[in-house]
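Data block below; observations after.
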Amino acid sequence: MSRKTLKDGARPGTVEASPDGSPKRWWILAVVALAQLMVVLDATIVNIALPSAQADLGFSDGNRQWIVTAYALAFASLLLLGGRIADLFGRKTAFLIGVVGFAAVSALGGAANGFAMLVTARALQGAFGALLAPAALSLLNTTFTDARERARAFSVYGAIAGAGGAVGLLLGGVLTDALDWRWTLYVNVAIAVLAFAGGQALLTNHRDAANSKLDVPGTILVAAGLFSMVYGFSNAETHDWGSPLTWGFLIAGGVLLTAFAWWQTRAAHPLLPLRILTDRNRAASFLAVLISGAGMFGVFLFLTYYLQLNLGFSPTKTGVAFLPMVGALMVTAQLGTTVLVPRIGPKAVVPLGFAIAAGGMAWLTGIGVGSHYLSAVLPQLVVTGIGLGLVMPPAMQLATGGVAAEDAGVASATVNAMQQVGGSVGTALLNTLAASAATDYLSGRDATSKLVQAQATIESYTTAFWWSAGLFAAGALICFLVFRRGVPQQDADAAPVVHM
């Protein structure tokens, strides 16, 4: 196994594929995509099953949000540690431990006999997901070095990352309706068996950062900082922005993350080498993932409420309603990563995607109490999916491209952290704005009227959609200003190693 070098006459920025042209790397893509799907599904698949789980286990409305928050807190706060573990001890080891652990604690959650057991399982899912997700993405980054093949691989991975939430809603609805809420957790065991078998057979355990050491102070600072930020936003969602817990944790998170950034300039073996953040295209890509993660919750969360509570869709029918968006996202993911970015660069493509998604969300604000899915929801979802397909996969590809092999795990973890923190910010912000809009609408009106109540909920949804559109519009402007002009050229010296 050796680092690929450019042959005489090769175009700068390209790296040769594996010498034998082995199709093994495409099977690796399938295994990695399967593992990523398992992690992304669990961000939403349990949401639809929550009412059934609550009725079965008898926990309160106040405790209900912890089933979701426990996963998010553990996942976000441990991601950078998980990424560095993959670099230090080997990506195959991290991947397989993550898969087995995720499956085991999913089975524990499925067998839960009370709230404490279920919330513990969800927190452990987040912890093993924090090990599995960066290992999976860095495996993709180090397996595909040929520019064209890498673009195709990331189009698949990015589509799963972008559409996994909607797929989770569909699968969660199907399993809850057809079987039982526990199967939204048990299903991970079946997925994990396939991912483990493929990983064991196909992956090798190269340790690119074997000579480095774990940055313990940096790990503590960033884990505590990310935990505080996500907890603060989650508390704002369930309480209010004026709560001392909300502001206390948000301020603490900001201070801890600032201290972490300072420490990374002093540490001998930094957890997150700042060279990863100083490249303009990579920094813009991290911001794109953060903003798209925040704005997407305007689609999934509030549209789920609208379809079920206002249009009377079942959980399964709600999931099916999102499929056209998933299809549109997957098509443009392929187009964006394999055709547009390699030809015209991200400065045009990613802002265009954000602008299209903003248009789709703005169009979605036209829903009403008596609207129909085919006219008031479907076209808007397709447009939004087209836009997000031009944002998420290219951003993920550019965020991890060109990093040294020993930094691939932590760069991949940073991408996942941005998506998770963005989702937490989006959930808290949009929930707060939507609730305020409903309250304002009811002020001075007959709050006992069912028609007024229904219109108040519509007002809350459309407010969230407008803010999602605003987030996407801001993303378009920021990415246009930050991305470099032209087609990105990968530094041959920083090209990752191919491990076959």
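Structure notes:
- Boolean, PRO324 is touching a residue at least 40 places away in the same chain (Cβ under 8 Å), more than 28 Å from LEU451 (Cβ to Cβ) and of a type outside the set (D, E, K, R): yes
- Checked across the range 173-187, the condition of being outside any helix (DSSP H, G or I), at pLDDT 85 or above and more than 30 Å from VAL350 (Cβ to Cβ) holds for at least one residue.
- Residues that are open to solvent by less than 30 Å² (accessible area, probe 1.4 Å) and either of a type in the set (Lys, Arg) or at pLDDT 90 or above (or both) do not occur anywhere in the range 401-419.
- Unmet criterion (only one of (1) closer than 22 Å to GLY198 by Cα; (2) in contact with a helix residue (DSSP H, G or I) (Cβ under 6 Å, 6 or more places away or on another chain); (3) open to solvent by 30 Å² or more (accessible area, probe 1.4 Å)) for PHE102: (3)
Conditions tested, residue by residue: (1) touching a Leu at 6+ places or on another chain (Cβ under 7 Å); (2) closer than 14 Å to VAL32 by Cα; (3) assigned to a helix (DSSP H, G or I); (4) not hydrophobic (A, V, I, L, M, F, W, C).
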{"position": "THR93", "(1), (2), (3), (4)": "no, yes, yes, yes"}
{"position": "SER106", "(1), (2), (3), (4)": "yes, no, yes, yes"}
{"position": "ARG122", "(1), (2), (3), (4)": "no, no, yes, yes"}
{"position": "LEU132", "(1), (2), (3), (4)": "no, yes, yes, no"}
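- Test: residue in the range 257-276 that is over 21 Å from LEU80 (Cβ atoms) and of a type outside the set (Asp, Glu): no
- Of everything in the range 63-97 that is buried (at least 24 other Cβ atoms within 10 Å of the Cβ) and among the charged types (D, E, K, R), the residue that is farthest from VAL222 (Cα to Cα) is ARG91.
- Among residues of the range 464-494 being in a loop (DSSP other than H, G, I, E, B) and touching a helix residue (DSSP H, G or I) at 6+ places or on another chain (Cβ under 8 Å), the one that is modelled with the highest pLDDT is PHE483.
- Under the condition of being touching a residue at least 60 places away in the same chain (Cβ under 8 Å) and either surrounded by fewer than 21 Cβ atoms within 10 Å (Cβ to Cβ) or in contact with a Cys (Cβ under 8 Å, 6 or more places away or on another chain) (or both), the residues counted in the range 430-441 number 2.
- Helices (runs of 4 or more DSSP H) fully within the range 239-336 that include at least 3 residues being loosely packed, with under 15 Cβ neighbours inside 10 Å: 244-264, 275-278.
- Residue in the range 466-473 that is under 17 Å from PHE286 (Cα atoms) and open to solvent by less than 40 Å² (accessible area, probe 1.4 Å) present: yes
The values are calculated or read from the model by the stated rules, or taken from the named source; none is laboratory data. Please read these numbers as outputs of a predicted model, since none were measured by experiment. We place every Cβ from the backbone using ideal geometry, glycine too, and count neighbours over all the protein chains shown. Just the protein is used for accessible areas: all its heavy atoms, side chains included, with ligands, DNA and RNA removed. Shrake-Rupley method; radii C 1.70, N 1.55, O 1.52, S 1.80 Å.
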